[in-house]
Amino acid sequence: NPNAPEIRCHNASVSVIGDTAYVVCNEILKDKGFLIATNIFVREGSLWRMIHHQAGTAPPPPREALQSDPEPMQ
């Protein structure tokens, strides 16, 4: 979606259990605030497919977490 906001992921934590994985992270929306997000994936053959995304507002992550400048999420 060309109108989607730019989102940067910080402090990602990944857990894999067999063919299921989940990622919990802070999402930083450019000029719009902070979210905490949970994404759940299942492996289908050689591909990982997202089956669930949930995000809600959160306070800003600690300043030291914002020092790096990761690439925007695609």
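Just so you know, all these numbers are worked out from the coordinates, no wet-lab data involved. Keep in mind that what you see is a predicted model, and the values were worked out from it rather than measured. As a convention, Cβ positions derive from the backbone with ideal geometry for all residues, glycine included, and neighbour counts pool all protein chains shown.
By the Kirkwood approach, averaging reciprocal distances over each pair of separate Cα atoms, the chain gets a hydrodynamic radius of 13.4 Å. Averaging the sequence gap over all C-alpha pairs within less than 8 Å and six or more residues apart, then dividing by the number of residues, gives the stretch 1-64 a relative contact order of 24 percent.
Note that the stretch 4-21 has calculated 3J(HN,Hα) couplings of 5, x, 6, 10, 10, 9, 9, 6, 6, 10, 10, 10, 10, 10, x, 9, 10, 9 Hz, one per residue in order, obtained from phi through the Karplus relation 6.51 cos²θ - 1.76 cosθ + 1.60 (θ = phi - 60°); glycine and proline are x.
Estimated from the Cβ-Cβ distance and a Förster radius of 25 angstrom, the FRET efficiency linking residue 35 and residue 15 is about 0.85.
Using R₀ = 30 Å, calculate the FRET efficiency as 1/(1 + (r/R₀)^6) where r is the Cβ-Cβ separation of residue 4 and residue 46; round to 0.05. That gives a FRET efficiency of 0.65.
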